[in-house]
Amino acid sequence: MKKDKKEAASTQEAAPSVEQKKPLATLLGSISYENREDYENFLNGLTLEHSVIVLISAANYAQAKGTFNLSEAELIARAVKRLGSVKPKTDVAPEENAPQTTEPPLSQ
């Protein structure tokens, strides 16, 4: 039985380790990137959902650093909870948004 444990240990040592790249920077304690191009892509592709996540991260980060007094912290905490409870509106199908016209279609 001891031989099996020894073999298992040597097998684990022989397994290649997966190295993760260290981020170039971590912003607000939760948003990290590995190179400047990734950061620029994140900035340029910022959606409304990403923007909310960034603002919530900023509020949490500042609170962890002791930036806010008790009243400010309460206000921000309630605002963050309120944002978390809002459900995004679903997009309406383009046909339903299209203006109604009374002109007949053009024939070619």
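What follows draws every value from the coordinates through simple rules; no lab data is involved. A quick note: this is a predicted structure, and the numbers were derived from the prediction, not measured. Here Cβ is always computed from backbone atoms with ideal geometry, including for glycine, and neighbour counts include all displayed protein chains.
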Exercise. What residues have an amide H closer than 5 Å to that of S32, excluding those fewer than 5 places away on the same chain, when H is modeled at 1.01 Å from N in the peptide plane?
Worked result: L27
Problem set entry | Modelled FRET efficiency - R0 22 Å, L24 with T67, Cβ distances, 0.05 increments | 0.35
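Just add up the charged neighbours of Y33: K/R +1, D/E -1, any other residue whose Cβ is under 15 Å from the Cβ of Y33.
Working: positive: K21, K22, R36; negative: E34, E37, D38, E40.
Net charge in that neighbourhood comes out at -1.
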